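A quick write-up on the structure given underneath.
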Ligand code: BG6
Ligand code: BG6
Ligand code: GLC
Ligand code: GLC
């Protein structure tokens, strides 16, 4: 009897051992797994075998690990592991190098994971919205790095179409679509905030970057969690799916798919097949289903069911399926630990499984075997990876670090040890260190975003910074107005002797000269005044060749006079004595309307012998006997304000965002120390282009701004203008492109001599590239004309760079304009400012997004204002004619010409 029982027990034991033996892998088995993995890695990399390879080797477009110079503030999403997280990551570089993170975990309910794609992305965006509210950051448009832990076919760092869902996700209408686009669309649908999605990264890549930030030897990222996967730095020359041979790129192996082509059927058991059949993705991710946390519990459960059915386990009572489904990876982890049998029994008891001592031993053995196999398989795979890297580098021996994350690795009592032992045994020529990622892959995603953003981060200005710049500029306005501080103020606040905008009574027949913008124009402006005031204009553009604007002043003014002679002849007004209004778009110290001393040339002009001189005298000398009378000199900002003031009486600010940039506005005379009198107002030409010439903007100037300045006609001067105006924007973009190409981030590192030539990339190109529909084609054309052959990704990157540079310009102008508006508001003493700003200039007019961005930022920076932005349709000359009309009327009342100079004329002086 006893022997019969003993025999039966021994037979049962043998059966159990046999069952588990199929899950125990010999060293030969493991060596074979390593070898087969190696074959699949190679097949995934090669073009001819890529489509049938089970290990997909997906390019990540991450070319390097961080080097500590990254900085900035980023948003990150981390989707696809146990938790969905939204994070803010603040990265500092230099001696204060650090990373600070704030995050919130959100649930993704099962019905959303397996609902429609739209529902899933709407849910994600809702979580972001909640997080931004929670952080008080709704209005800060941060760059975002998106950790998306599923296989994505990327064609750029910010483009990835989902190959197939894995793990527990199965939302419809996502596979084959670009996940960044889906996220963008969901953000648009919500229409509540804006984000700049800079990068999409796999969790393995994020993890590698997180760890590489601390340890530069880290060139591999491993996830052993819900899913299982590895990425590593591969040589570009081996990645046939991406063009280019130089340098390295991180490859997301997606090794979870290993075996999909039946190459590991010899070690798969019927339990593995059952798990596969019951999964969301039957036939797929076979390696993952043997190695990752999501499936370990399920394998164990299948074995326990089998043993129970065969009468080898849990004889009384037979557990039902519900109870069995309590066995998940946590249970497996716990039961794999060194526990006394009583403890094992207690755990099983909690799950409703009544076990004998023998049962406990068996369950524990099953858990141990299944997890041991998982760790060994990962180890064999890893051995293939490290040996591949070693061979890539032609080395006999190699030290390398693997950054690891995932609950299985972190929580399982033996997983990491078995994994390391296996790697050691199978790749003895590699010394592999495993470093746990403490901060998750979100940090790495933010670092990737920062690596991409390295050249541009300093050009993104937060509202906080813009507010600060607005305050600095307001201080400068005060300094320029006050006689004590004016000599050292950078913003010169030049009185214009224009005291009000047109009132509708102006009339006459005038000539206007418009010099200093992108075109030199001569116009005839007839202001008639029958029932209604009407203005008729005829104009002609004249060339101003480089040798003239850089030659002698005499030649320049002779040229102006010649063009004027030609114009008068064509207009048949040679013998008419007409008054001339001269829009001269440079900083001038005026003593009256028609006496104007050029302080310094700006923009493209540099004619000798003009600075410090009265330009009316110079022009009169050149005109000689031609019967014209220069009545008024106005800055283009003033002309623009007057042009717009003609249509809108509320206009009291004029700005130019063209070749150069500048603003004028109506200031209270009592605040203008440089002009006598306290009553009324006078238009002040701020000459804000020089803001920052005393170092005030050094904190926001970038290396590119400095380079522009060094190569300019007026180094050290007009530093604000050089960050924002049309003459410099194209060149700024060109310098960034050159630098990024030199570092291998663009154009595969190729640069043509044309791209290296100053001025070859123009601001009008920036405007066309930023057009939403045809922008990318334009980018290809424009770069093509410079001899470049940009890829689709290059074009996207170039568009991104253009956006950042032009957006910074609009933001900075919003800050200085904000300074003027807030001053106007205080001058008026009203709680709200209602005003109109007249604007002109090619950048503002031609750029597709500029005006909208400027208006939006101004409204944010000066919320207590209602500003109407009025585009000057007819240039500054109409306004100049208005000024001339008044000057003419005043001059008419003046008894003798000699008195003119004794009584400085200014508009409305006598009214
Ligand atoms: C987290 C990472 O720490 O680990 C995720 O931030 C990653 O990006 C996850 O997906 C993997 O582990 P698990 O166990 O959550 O799947
Ligand atoms: C024109 C004005 O419309 O704009 C000029 O008439 C002004 O006076 C010019 O200088 C500014 O823009 P840009 O782009 O030509 O420098
Ligand atoms: C799955 C995904 C993969 C991810 C891994 C770990 O294998 O396909 O992209 O890296 O899980 O989360
Ligand atoms: C430059 C000039 C300024 C002019 C501006 C716009 O900044 O110095 O006078 O208004 O360009 O043309």
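The values are calculated or read from the model by the stated rules, or taken from the named source; none is laboratory data. Computed from a prediction, not measured in an experiment: that's the story for all the values here. Neighbour counts run over all protein chains shown; Cβ positions are idealised from the backbone, glycine included.
Kindly evaluate residue 803 against the criterion of being more than 30 Å from residue 671 (Cβ to Cβ), more than 16 Å from ligand 1 (Cβ to nearest atom), out of contact with any helix residue (DSSP H, G or I) (no Cβ under 6 Å at 6 or more places or on another chain) and outside any loop (DSSP other than H, G, I, E, B). Taking the combined requirement at face value, the residue satisfies it.
Here segment 836-863 is the region considered, the condition is being touching a strand residue (DSSP E or B) at 6+ places or on another chain (Cβ under 6 Å) and under 21 Å from residue 646 (Cα atoms), and the residue that is surrounded by the most Cβ atoms within 10 Å (Cβ to Cβ) is 838.
Taken together, 639, 645 contain a single residue that is modelled with pLDDT under 95, within 30 Å of residue 850 (Cα to Cα) and in contact with a strand residue (DSSP E or B) (Cβ under 6 Å, 6 or more places away or on another chain), which is 645.
Residue 274 fulfils the conditions (1) within 29 Å of residue 393 (Cβ to Cβ); (2) away from ligand 1 (no atom under 16 Å from the Cβ) except for a single criterion, (1). Among residues of segment 144-160 being more than 16 Å from ligand 1 (Cβ to nearest atom) and in contact with a helix residue (DSSP H, G or I) (Cβ under 7 Å, 6 or more places away or on another chain), the one that is nearest to residue 55 (Cα to Cα) is 155.
With respect to residue 534, is the statement that it is free of Cβ contacts under 8 Å to residues at least 60 places away in the same chain, within 16 Å of ligand 4 (Cβ to nearest atom) and either more than 17 Å from residue 587 (Cβ to Cβ) or part of a helix (DSSP H, G or I) (or both) true? Here the answer is no, as residue 534 does not meet what is asked. Residue 611 meets all of the listed conditions (1) in contact (Cβ under 8 Å) with a residue 60 or more places away in the chain; (2) within 16 Å of ligand 4 (Cβ to nearest atom); (3) outside any strand (DSSP E or B); (4) more than 24 Å from residue 854 (Cβ to Cβ) but one, namely (1). None of 745, 691, 720 is within 22 Å of residue 458 (Cβ to Cβ) and modelled with pLDDT under 95 except 745. Residues that are in a strand (DSSP E or B), buried (at least 16 other Cβ atoms within 10 Å of the Cβ) and more than 16 Å from ligand 4 (Cβ to nearest atom) occur at least once in segment 559-579.
Rundown of residues vs (1) out of contact with any helix residue (DSSP H, G or I) (no Cβ under 8 Å at 6 or more places or on another chain); (2) more than 30 Å from residue 8 (Cα to Cα); (3) at pLDDT below 90; (4) exposed (fewer than 15 other Cβ atoms within 10 Å of the Cβ), yes/no style:
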residue: 274; (1), (2), (3), (4): no, no, no, no
residue: 283; (1), (2), (3), (4): no, yes, no, yes
residue: 292; (1), (2), (3), (4): no, yes, no, no
residue: 310; (1), (2), (3), (4): no, no, yes, yes
residue: 314; (1), (2), (3), (4): no, no, yes, no
residue: 325; (1), (2), (3), (4): no, no, yes, yes
residue: 338; (1), (2), (3), (4): yes, no, yes, yes
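Summed over segment 444-461, the residues that are more than 16 Å from ligand 3 (Cβ to nearest atom) and touching a strand residue (DSSP E or B) at 6+ places or on another chain (Cβ under 8 Å) give a count of 8. Restricting to segment 649-696, and then to whatever is surrounded by fewer than 23 Cβ atoms within 10 Å (Cβ to Cβ) and in a helix (DSSP H, G or I), can you tell me which residue is farthest from ligand 4 (Cβ to nearest atom)? Checking each candidate, the answer is 670. Counting only helices (runs of 4 or more DSSP H) wholly contained in segment 383-471, the ones carrying 2 or more residues that are in contact (Cβ under 8 Å) with a residue 12 or more places away in the chain, away from ligand 4 (no atom under 16 Å from the Cβ) and within 25 Å of residue 370 (Cβ to Cβ) occupy 407-411, 415-426.
Assessment of segment 607-630 against the conditions (surrounded by fewer than 19 Cβ atoms within 10 Å (Cβ to Cβ) and within 35 Å of the chain's Cα centre (by Cα)) yields no matching residue. Scanning segment 408-437 for residues that are more than 24 Å from residue 295 (Cα to Cα), in contact with a helix residue (DSSP H, G or I) (Cβ under 8 Å, 6 or more places away or on another chain) and surrounded by fewer than 17 Cβ atoms within 10 Å (Cβ to Cβ) yields 425, 429. Residue 757 meets each of the listed conditions (1) surrounded by fewer than 24 Cβ atoms within 10 Å (Cβ to Cβ); (2) within 16 Å of ligand 2 (Cβ to nearest atom) apart from (2). Scan segment 232-255 and tell me whether some residue there is within 30 Å of residue 305 (Cα to Cα) and either over 29 Å from the mean Cα position of the chain (by Cα) or within 16 Å of ligand 3 (Cβ to nearest atom) (or both). Looking through segment 232-255, at least one residue is within 30 Å of residue 305 (Cα to Cα) and either over 29 Å from the mean Cα position of the chain (by Cα) or within 16 Å of ligand 3 (Cβ to nearest atom) (or both). Looking at segment 22-45, which of its residues are exposed (fewer than 15 other Cβ atoms within 10 Å of the Cβ) and either part of a loop (DSSP other than H, G, I, E, B) or at pLDDT below 95 (or both)? Matches in segment 22-45: 24, 26. Before we move on, is residue 620 farther than 27 Å from residue 708 by Cα, part of a loop (DSSP other than H, G, I, E, B) and without any contact (Cβ under 8 Å) to a residue 12 or more places away in the chain? Spelling it out, it is not the case that residue 620 is farther than 27 Å from residue 708 by Cα, part of a loop (DSSP other than H, G, I, E, B) and without any contact (Cβ under 8 Å) to a residue 12 or more places away in the chain. Taken together, the residues in segment 46-88 that are closer than 30 Å to residue 136 by Cβ, in a loop (DSSP other than H, G, I, E, B) and within 16 Å of ligand 1 (Cβ to nearest atom) amount to 4. Candidates 140, 82: the one that is more than 16 Å from ligand 4 (Cβ to nearest atom), surrounded by fewer than 20 Cβ atoms within 10 Å (Cβ to Cβ), under 27 Å from residue 292 (Cα atoms) and in contact (Cβ under 8 Å) with a residue 60 or more places away in the chain is 82.
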